[in-house]
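The values are calculated or read from the model by the stated rules, or taken from the named source; none is laboratory data. Everything numeric here is computed off the predicted structure, so don't read it as measured data. Note that we place each Cβ from the backbone using ideal geometry, even for glycine, and neighbour counts take in every protein chain shown. We work out accessible area using only protein heavy atoms, side chains counted, and drop any ligands, DNA or RNA first. Shrake-Rupley method; radii C 1.70, N 1.55, O 1.52, S 1.80 Å.
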Amino acid sequence: LFNLQQLPKRMVVLGAGIVALEMAQAFATFGTQVTVLQRSRLLSKGDEEAARVLKSALEKEGVTFLSGVTVEEVETLRPYSEKELPLMSVSLTCNEEQSSSKRRSLECECLLLALGRTANVESVGLDAANVQYHPAKGVLVNDYAQSMSNPNVYAVGDCVANVPRLTHMSGEMAKVVVQNALFKGQWKLSSFVVPAVMYTEPEYAVVSKPITVDENGLVIPTPKEDPAELDMYKAELQHNDRAILESSDEDSFVKIFCKKDTGTIVACTIVSSRAGEIINEVSLAIKHGIDLEGVGRNIHSYPTLGEAVMGCGLQYINSKWTTLSDE
C-alpha cells in the first residue's frame, strides 16, 4: 500500500477495523473515491457510540460504507503495468438495512484487505524446540512471557497469542523479557495497562488491562466486563472551551468506566482530537490505582481538551453529594 506510485481513483476496503478506517480516511483526503465493505458495524468490538461518530466523520470526507456485505469474487479486469494501476471488479452481496439482499459489483484500482492478522508461527521449527503455539493466534506463553511448554524460550510481540498487537505492547514485552530472563525479574504481563489509538480525525483511544491468566497459567484475553457491573461517566467536548475555540470535536467525548458504586477505574474510551495524548492520564490512573475522585481533584490546564477527563471525575464527585433537606 505504501509503495503505490500513483493515487488510485477508486479504492475498496474490506474490513471496518482500525487499519481499514485509518487508510480509508487518508486516501479519501488525498482524493480517492473510497468504499468500505463491512460485515457488521464499524469497530465491532468497540464502543457503539464511538463507531457512529467516526462513521459520520468519515462520511463527511466522502467515504462510502456498505454494511452486511459478503464478498463473492474478485476479478482482475486489467493487470498492473508501469503506466497504470490494475483494474479489479469486486462482486458482493449487500444486505443493508431497509433493502433486500442483492448482488452488485464495484470496480477499483486498489483493493485493501484489512481483515486482521494471524501469527506466522508455522513451519519455522517451533515444534523441534518444543514450543507450543496456536496456528492463528501465536506462541502460548505464561505471565512472564515464557513458552508454556519450554520456559527457556521467551516470546515477544505479534507472534504471541492473546496479547494486543501493538508496537508499544511489543516494546514493553521486550522489557519484560530482558528483566525476567537476564536479571531474575518477576514482571508479569497481566500487570500491563495498555492504551490503543486509532489515528483518524477525530482520534479514537481506549485503555484497559487486556491480559489475564487462566488456571493453567496461560495468558488469555481479559473477559469483557459486564456492563451491569460498571458505572459510566461521560464528558462531551461540545461544552469544552478549547474545542469551541477551535471549532472542533462537536460530537467528541470522554467516557470513563468504573466498578459499580466505586471510583475504581477499569477502562476509558475517548473520541477526540489528540485522544492518543489524553488517554495517557487515564492509563496512569489505572496503573497506579488512582480513583476517579483523584482524577477529578487534579487541576488541569485551561483551556485544554484534557479537561474532559477531569469532567468525568467531577461527575463522580458530584454523584456522592448529599441532597440538602427541604426542611
antiparallel share of DSSP beta bridges within the chain, to nearest 5, in %, is 75
Env charge @ residue 133, Cβ radius under 12 Å, K,R +1 / D,E -1, value -1
For the chain the translational diffusion coefficient, Stokes-Einstein from a Kirkwood Rh over Cα pairs at 4 °C and viscosity 1.567 mPa s, in µm²/s, is roughly 58
Using a 1.4 Å probe on heavy atoms of the protein chains only, the accessible area for residue 239 in Å², nearest 10, reads 130
In cubic angstrom per residue, the convex hull of the stretch 54-205 built on its Cα atoms measures 199
Amide H neighbours of residue 222 at under 5 Å, excluding residues fewer than 5 places away on the same chain, with H built from the backbone geometry, are 211, 212
Computed ³J(HN,Hα) along the stretch 304-317: with the Karplus parameters 6.51/-1.76/1.60, θ = phi - 60°, integer Hz and x for glycine or proline, the list is 9, 5, x, 4, 5, 5, 4, x, 5, x, 5, 4, 5, 4
Non-local residues with an amide H under 5 Å from the amide H of residue 304, with H modelled 1.01 Å from N and Pro and chain starts lacking one, are 242
Contact order relative to length for the chain, counting C-alpha pairs under 8 Å separated by 6 or more residues, stands in percent at 11
Stokes-Einstein D for the stretch 3-141 (25 °C, 0.890 mPa s, Kirkwood Rh from Cα pairs), in µm²/s, comes to 145
In the neighbourhood of residue 229 defined by beta carbon distances under 13 Å, the net charge of the other residues (Lys, Arg +1; Asp, Glu -1) is -1
Rounded to the nearest 500, the 222 nm mean residue ellipticity computed for the chain from DSSP H runs (n ≥ 4, each -39500 (n - 2.57)) alone is -7500 deg cm²/dmol
Amide H neighbours of residue 107 at under 5 Å, excluding residues fewer than 5 places away on the same chain, with H built from the backbone geometry, are 90
For the stretch 177-327, dividing by residue count, accessible area per residue (probe 1.4 Å) in Å² works out to 56
Sparse-neighbourhood loop hits (chymotrypsin sites (Phe, Trp or Tyr not before Pro), the stretch 251-327; DSSP loop; Cβ within 10 Å at most 14 others) -> 321
Phi angles of the stretch 13-18, converted by Karplus (6.51 cos²θ - 1.76 cosθ + 1.60, θ = phi - 60°) into ³J(HN,Hα) in whole Hz with x for Gly and Pro, give 10, 9, x, 9, x, 5
Under Stokes-Einstein, the stretch 1-69 at 10 °C and 1.306 mPa s, with its Kirkwood radius over C-alpha pairs, diffuses with a coefficient in µm²/s of 131
In this structure, among 259/287; 137/184; 60/260; 60/209, pairs with alpha-carbon gaps over 26 Å are 137/184; 60/260; 60/209
The answer for the net charge of residues other than residue 292 whose Cβ lies under 14 angstrom from its Cβ, with Lys and Arg +1 and Asp and Glu -1, is +1
With every protein chain in place, the accessible area of residue 110 for a 1.4 Å probe, in Å² rounded to the nearest 10, comes to 20
